Amino acid sequence: MDRCIVLVDAGYLLGAAASLLAGEPSRSRISVDHAALVQGLRERAEADTRQPLLRIYWFDGAPDRVPQPEHRRLRVMPRVTVRLGALTRSDGRWAQKGVDAAMHAELTELARNRACSDIVLVTGDGDLLPGMMSAKEHGVAVHLWAVQAADNNYNQSEDLVAEADERRVLDRAWITQAVRARDLAGACPPQPAPRPEIAAILSAPPGEPPAQGDRQPPARDGSHPASVDAGPLDGHPLDGRPLEGHPLDGRPLNGAAVNGHGDGGADRAQATRGVPTPKDLAALRTPGPPAAAPAPQPATATLRWSSDRGWVERPGTPPESPEAATLPTLAQLTSAEQRWADHEEDITSVGGDAYEVGQVFARRWIQRVTDTACLGKLSAEYPRIPHRIDGELLRYAARFGLLAHKDDQIDEHDRYAIRAGFWREVDSHTGAERPAVAE
């Protein structure tokens with residue numbers, strides 16, 4: 001058959017492109033226009049082989065072989081077939097399993113059945129050498145393509161390079177037609193600018209406490225930090241760290257006996273349980289000048305909370321308003337036809353950026369709600385999205401691979417960006433302006 005077929009090892013192609021453009025092989029460091037990439041592969045293959053393209057096979061790994069958003073977009077493109085291997089995590093690194101075997105099987109089967117005259121391999125793995133030799137024995141011309149190496153060296157198996165009939169290098173100019181290095185400095189697009197509170201949180205360096213006026217984030221288990229008046233000690237917010245001078249392991253404080261004043265039974269029981277006794281509290285209050293109390297936090301809701309485990313209240317936080325509880329969810333506003341159209345848009349148009357996901361979800365909700373008063377009620381709930389809508393938003397975001405595979409939770413930074421995009425879209429329809437954060 002006078003036609004060509006392209007077999008792409010996506011791990012090699014995108015990993016090498018990331019090394020070339022971003023300096024490291026992590027695919028999270030690049031953004032890919034898959035439609036432009038597929039079109040570029042087709043045009044290059046037809047030009048190099050002088051044969052019409054039959055099909056592009058895209059081989060990649062995915063957790064539990066579940067298609068990710070990019071795979072769903074690719075497999076609905078004309079003349080593209082996606083084959084998925086497993087993606088496993090070992091020693092903190094992701095590794096593909098079964099991709100090379102699948103490529104080898106496809107390569108030999110196509111050659112044996114004389115499905116084409118030319119096969120283009122975009123890979124660097126020497127494990128495909130037996131399959132390449134088998135294809136050549138069946139009279140198929142094998143073209144080997146490499147991605148330009150970041151250090152101007154080979155990033156392919158030397159044996160594979162030696163056995164190929166034709167060799168080409170996809171240089172930086174060709175790669176950058178569809179792939180670009182991702183700017184990870186900004187948490188969300190520069191325009192429109194997110195609300196001041198969200199911008200302050202997103203711009204804070206990791207590990208730095210939020211500035212006065214910012215919201216205190218909860219722990220990863222969904223609990224909230226204690227407020228300044230929640231504990232019995234002035235200036236000691238009992239944040240889980242051992243109190244100074246009191247290891248809370250059953251030993252007495254500063255060498256004092258726990259049973260010296262007739263109440264040793266209760267004090268000893270408290271000490272062995274790791275609970276400060278009354279004498280401990282007095283000792284912490286008496287010596288030295290009192291510690292400065294933290295600046296009081298505003299009595300408003302935090303921007304993130306345990307939506308996947310139910311509503312979590314904290315001291316000083318007003319409960320969800322009755323109006324918020326009556327707001328409809330997107331599922332209630334969506335017909336079967338709209339649900340199908342949403343699925344098509346998610347596959348073909350939505351890129352999966354956390355900020356963009358929040359905007360798309362909010363736009364659909366706003367467009368479909370029939371009661372115009374509902375939009376005003378929603379905007380009045382800022383900064384926290386009503387619980388039922390927020391949980392639905394996070395479940396929607398999980399479809400785009402935003403889950404951290406370790407614990408099936410969305411990364412906290414992504415949660416901020418998702419909600420920032422949601423509120424920005426709401427603001428664009430209500431014209432709401434929020435006060436700046438106190439410096």
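All of the numbers you see were taken from the coordinates with simple rules; none came from a lab. Because the structure is a prediction, the values reported are computed rather than measured. Cβ placement follows ideal geometry from the backbone for every residue including glycine, while neighbour counts extend to all protein chains displayed.
Data table
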| quantity | calculated |
| --- | --- |
| Kirkwood estimate for segment 4-181, i.e. one over the average of 1/r between Cα atoms, Å | 16.3 |
| Amide H within-cut-off set for residue 147, under 5 Å, with H built and near neighbours excluded | 170 |
| 16 Å reach of a label modelled at residue 105, 7 Å along Cα-to-Cβ, counting backbone N of segment 71-87 | 82-87 |
| Label-point separation, residue 321 to residue 1 (7 Å along Cα→Cβ), nm | 6.3 |
| Label point distance in nm, residue 138-residue 95, each placed 7 Å from Cα along Cα→Cβ | 3.0 |
| Within segment 1-21, backbone nitrogen closer than 18 Å to the virtual label 7 Å beyond the Cα of residue 127 toward Cβ | 7-16 |
| FRET E, pair residue 399, residue 373, Förster distance 30 Å, beta-carbon r, rounded to 0.05 | 0.50 |
| Euclidean distance between Cα centres, segment 330-354 to segment 69-102, Å | 23 |
| Total formal charge among the other residues, if their Cβ is under 13 angstrom from that of residue 139, Lys/Arg +1 and Asp/Glu -1 | -1 |
| Computed FRET value (nearest 0.05) for residue 343 with residue 162, which takes r as the C-beta separation and R₀ as 35 Å | 0.15 |
| Packing-based order for 340-351, 48-59, 9-20, using average beta carbon neighbours within 10 Å, highest first | 9-20, 48-59, 340-351 |
| Contour minus Cα-Cα distance for residue 363 and residue 112 (0.36 nm per residue) | 85.2 nm |
| Distance (nanometres) between label positions extended 7 Å along Cα→Cβ at residue 329 and residue 79 | 4.4 |
